[in-house]
Structure formats: C-alpha cells, structure tokens
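Student: Pasting a structure below so you can have a look.
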Amino acid sequence: MKHDERYEVRNPEIERALRTLATLIDGDVPDGWGWGLFLVQFGDHPKAEGGAVFWISNSERAGMIDAVKGWIEDNEKRGKAREQS
C-alpha cells in the first residue's frame, strides 16, 4: 500500500468503512453543515495505549479541530459540574 502522509496508521478495512459511512452521512446532512466521524476500538483510552483513532470529515481540518476542542471543553466542564453537585 502506498504511503499516505495523512495517515499515521493504515488499516484498509477501516479506511473502506470510513469512506462508505462518509457517503451515507453526506447524503443526509443538510447543506451548509459539516461533519466528522471517529472510529476507535472499544477499550480504555485507545490513543494512550498505542491504539489508533481513525477519522474522516467533509470539513476543513482546522475548523473541525476547533469544533472538537470546543465540544471537549464543554463536556469536561459539564462533567466537573456534575461531580461537584
């Protein structure tokens, strides 16, 4: 398989599944909306244990990274608020 610098880890089966799911998602998302999809193996903290996180999106990378960071920050705040109550 040819090296593609966009990928740190290659998995033809997952890449094929991502492309298939992307086609399905694109058909149902309203115009003007972006989306991103992660695939991870079940288990605890796959990235920390050397596992891979696979990703596909129809949006520009920087914008999606900002959106995901904002989502993580919001959810971490909500989680801390629940723990304190």
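The values are calculated or read from the model by the stated rules, or taken from the named source; none is laboratory data. Quick caveat, the model's predicted, so the values are computed rather than measured. We place every Cβ from the backbone using ideal geometry, glycine too, and count neighbours over all the protein chains shown. In case anyone asks, the SASA skips ligands and DNA or RNA and just uses the protein heavy atoms, side chains included. Shrake-Rupley method; radii C 1.70, N 1.55, O 1.52, S 1.80 Å.
Student: Note down the accessible area of residue 19, probe 1.4 Å, to the nearest 10 Å².
Tutor: It works out to around 130 Å².
Student: Turning to a different aspect of this structure: Taking K and R as +1 and D and E as -1, what net charge do the other residues with C-beta under 15 Å from the C-beta of residue 80 add up to?
Tutor: On the way: positive: 77, 78, 82; negative: 73, 74, 76, 83.
Net charge around residue 80: -1.
Student: Oh, and also: Using a basic spin-label model with each label point 7 Å from the Cα along Cα→Cβ, how many nm lie between residue 78 and residue 31?
Tutor: 3.1 nm
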